[in-house]
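Worksheet for the structure shown next.
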Amino acid sequence: MSMRTIMAAVASLVLVAVGAVPVTGAVQQRCADLVPPDQSAENPTWYDFVNTYRSRCAAQDNHGRELGDVTLSVPHGKVEVSVTTSTALAGAIGSLKVGGREFIDSGGHGAALQYAFHAWKRGAEPSECYNPTQAGARVDDDKARAPFHESSTSKVTSVSPQGKSVTYTSQPAMFVTRGDPKPGFGGCRGKDLQPGAAPFTSGLSKATLTSSVHMGPDNGLSGLDNVIRLAATYETNDAAYEKFDGLLIAYLQKDFTAKYTYTGGELTERKQDASTDPSVRCTAAGEYCLGMHVRPKLMSGAYYYTLDRKTPGTFSEQATQVTWAADDVAANAKLSYEVYLAVGDKALVAKTLGELSRQLP
């Protein structure tokens, strides 16, 4: 996934909505009633159409199988917390809502809330051109039209919803595939970093990703229905890696501009993008916030990173993520991830992160 994290990984969303982008083909047929006449980045209705995930606007097939999206929801006080995992994004989270308010910016296969990974040689740098990405490949959006949720190169092998949980098994695509005619970030080419053999020649990595979402009574936390537990196992099915990292990144709607660090039991203005202290992103007034928490005992050395990028003529990026790096990963390794998302207003998220720190050291 194109997510530039600058520090320990290269990766960032390639912004797909530049100026006016015509809406044609399958999307036009699926949700023509939602297409605004003014298709410019300055139009709030167009922004909403492009960057807010809707299942009826998205492909429901993956590698020849009709799968369908999965929506989980739980009550939290007087509001509902819901998560939608997307077939078009190969099981990545396309939507996260609190009281009907969308948190996630989902304008294509390089956005949403998803996992991505890098492997590289010591002395080199992580690259978009060896970047297994849960939602799919960059080329999945090249011939698509807004809202860029056509079928994914990533291959879903199973979907298992149960109670307030859902588990996906998938084979992630390379974000920049061997056949991608465009270079990746820094001028890299997929064919220079990926073997000229299957599955790379089909745009896929060798890896198996098992990812799950657990809400409400399934999150393992009593009284914390505003917490979403995300767990994953990444099996490399490959040769040994000298350097490796995996990250979970959430691209948020454009008004999540405020950034905070959770430390000492409170939220303070975030002064640096990379930190081992948990990050929280909020709307300006703090009425909607998303915080992340990992257990240091399980993911030693993991750090939190926030990303902001504005480019003339495009929408913008506001993201928050957890990155976990490792050296000398053995051949056919299995790596496990667990991240807790806390949602609500600023005061609630601060309180929740404190409770997570106590319950999940």
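The values are calculated or read from the model by the stated rules, or taken from the named source; none is laboratory data. Remember, predicted model here, so these are calculated numbers, not experimental data. A quick note on method: Cβ atoms are made from the backbone with ideal geometry, for glycine too, and the neighbour counts reach across all protein chains shown. Calculation scope for accessible area: heavy atoms of the full protein, side chains included, ligands and nucleic acids excluded. Shrake-Rupley method; radii C 1.70, N 1.55, O 1.52, S 1.80 Å.
Kindly indicate the residue of the stretch 45-59 that is closer than 26 Å to GLY216 by Cα and open to solvent by less than 50 Å² (accessible area, probe 1.4 Å) and also farthest from the chain's Cα centre (by Cα) among those meeting that condition.
SER55
Out of all the residues in the stretch 59-112, which are among the hydrophobic types (A, V, I, L, M, F, W, C), out of contact with any helix residue (DSSP H, G or I) (no Cβ under 8 Å at 6 or more places or on another chain) and assigned to a loop (DSSP other than H, G, I, E, B)?
LEU67, ALA88, LEU89, ALA90, ALA92, PHE103, ALA112
If you scan the stretch 331-361, which residues turn out to be open to solvent by 60 Å² or more (accessible area, probe 1.4 Å) and among the hydrophobic types (A, V, I, L, M, F, W, C)?
The one that is open to solvent by 60 Å² or more (accessible area, probe 1.4 Å) and among the hydrophobic types (A, V, I, L, M, F, W, C): ALA347.
Return the residues of the stretch 103-140 that are over 16 Å from the mean Cα position of the chain (by Cα) and not hydrophobic (A, V, I, L, M, F, W, C); say none if nothing qualifies.
Within the stretch 103-140, LYS121, ARG122, GLY123, GLU125, PRO126, SER127, TYR130 meet the criteria.
Every residue in the stretch 203-228 that is without any contact (Cβ under 8 Å) to a residue 40 or more places away in the chain and over 20 Å from THR167 (Cβ atoms), please.
Those that are without any contact (Cβ under 8 Å) to a residue 40 or more places away in the chain and over 20 Å from THR167 (Cβ atoms): LYS206, SER222, GLY223.
Among the candidates TYR115, TYR130, which residue alone is of a type in the set (Phe, Trp, Tyr) and not in a strand (DSSP E or B)?
Exactly one of TYR115, TYR130 is of a type in the set (Phe, Trp, Tyr) and not in a strand (DSSP E or B), namely TYR130.
Could you please find all residues in the stretch 125-162 being more than 24 Å from THR71 (Cα to Cα) and either open to solvent by less than 60 Å² (accessible area, probe 1.4 Å) or aromatic (Phe, Trp, Tyr) (or both)?
Matches in the stretch 125-162: PRO126, SER127, GLU128, CYS129, TYR130, ASN131, PRO132, ARG138, VAL139, ALA144.
Of the residues in the stretch 32-44, how many are more than 24 Å from the chain's Cα centre (by Cα) and touching a residue at least 12 places away in the same chain (Cβ under 8 Å)?
The qualifying residues number 5.
How many residues are within 14 Å of VAL343 (Cβ to Cβ) and of a type in the set (S, T, N, Q) if we restrict to the stretch 280-312?
Summing the residues that are within 14 Å of VAL343 (Cβ to Cβ) and of a type in the set (S, T, N, Q) in the stretch 280-312 gives 1.
Restricting to the stretch 84-124, name every residue that is on the phi > 0 side of the Ramachandran plot and crowded, with 24+ Cβ neighbours inside 10 Å.
Matches in the stretch 84-124: ALA90, GLY91, GLY108, ALA112.
Exactly one condition in (1) within 20 Å of LEU209 (Cα to Cα); (2) not in a strand (DSSP E or B) is false for VAL139; which is it?
All conditions are met except number (1).
How do the strands (runs of 3 or more DSSP E) wholly within the stretch 159-241 filter down when requiring 2 or more residues that are at pLDDT 95 or above and closer than 23 Å to ASP141 by Cβ: which remain?
165-171, 208-214
May I ask you to say which residue of LEU267, LEU204, LEU248 is over 30 Å from HIS63 (Cα atoms) and either over 17 Å from the mean Cα position of the chain (by Cα) or surrounded by 20 or more Cβ atoms within 10 Å (Cβ to Cβ) (or both)?
One residue alone meets the criteria, LEU267.
Can you tell me which condition ASP328 does not meet? The list is (1) over 17 Å from the mean Cα position of the chain (by Cα); (2) surrounded by 13 or more Cβ atoms within 10 Å (Cβ to Cβ); (3) under 24 Å from THR210 (Cα atoms), and all the others hold.
For ASP328, the failing item is (2).
What number of residues within the stretch 285-325 satisfy the criterion of being within 19 Å of ASN131 (Cβ to Cβ) and loosely packed, with under 15 Cβ neighbours inside 10 Å?
Adding up the residues that qualify gives 1.
When you go through (1) open to solvent by 10 Å² or more (accessible area, probe 1.4 Å); (2) touching a Cys at 6+ places or on another chain (Cβ under 8 Å) one by one for CYS282, which number turns out not to apply?
(1)
Filter the stretch 251-262 for residues that are open to solvent by less than 60 Å² (accessible area, probe 1.4 Å) and either of a type outside the set (Lys, Arg) or at pLDDT below 95 (or both) and give the result.
Residues satisfying the conditions are TYR251, LEU252, GLN253, PHE256, ALA258, TYR260, THR261, TYR262.
I'd like to check something: does the stretch 163-186 contain any residue that is in contact with a Lys or Arg (Cβ under 9 Å, 6 or more places away or on another chain), open to solvent by 20 Å² or more (accessible area, probe 1.4 Å) and closer than 15 Å to GLY91 by Cβ?
Checked the stretch 163-186: at least one residue is in contact with a Lys or Arg (Cβ under 9 Å, 6 or more places away or on another chain), open to solvent by 20 Å² or more (accessible area, probe 1.4 Å) and closer than 15 Å to GLY91 by Cβ.
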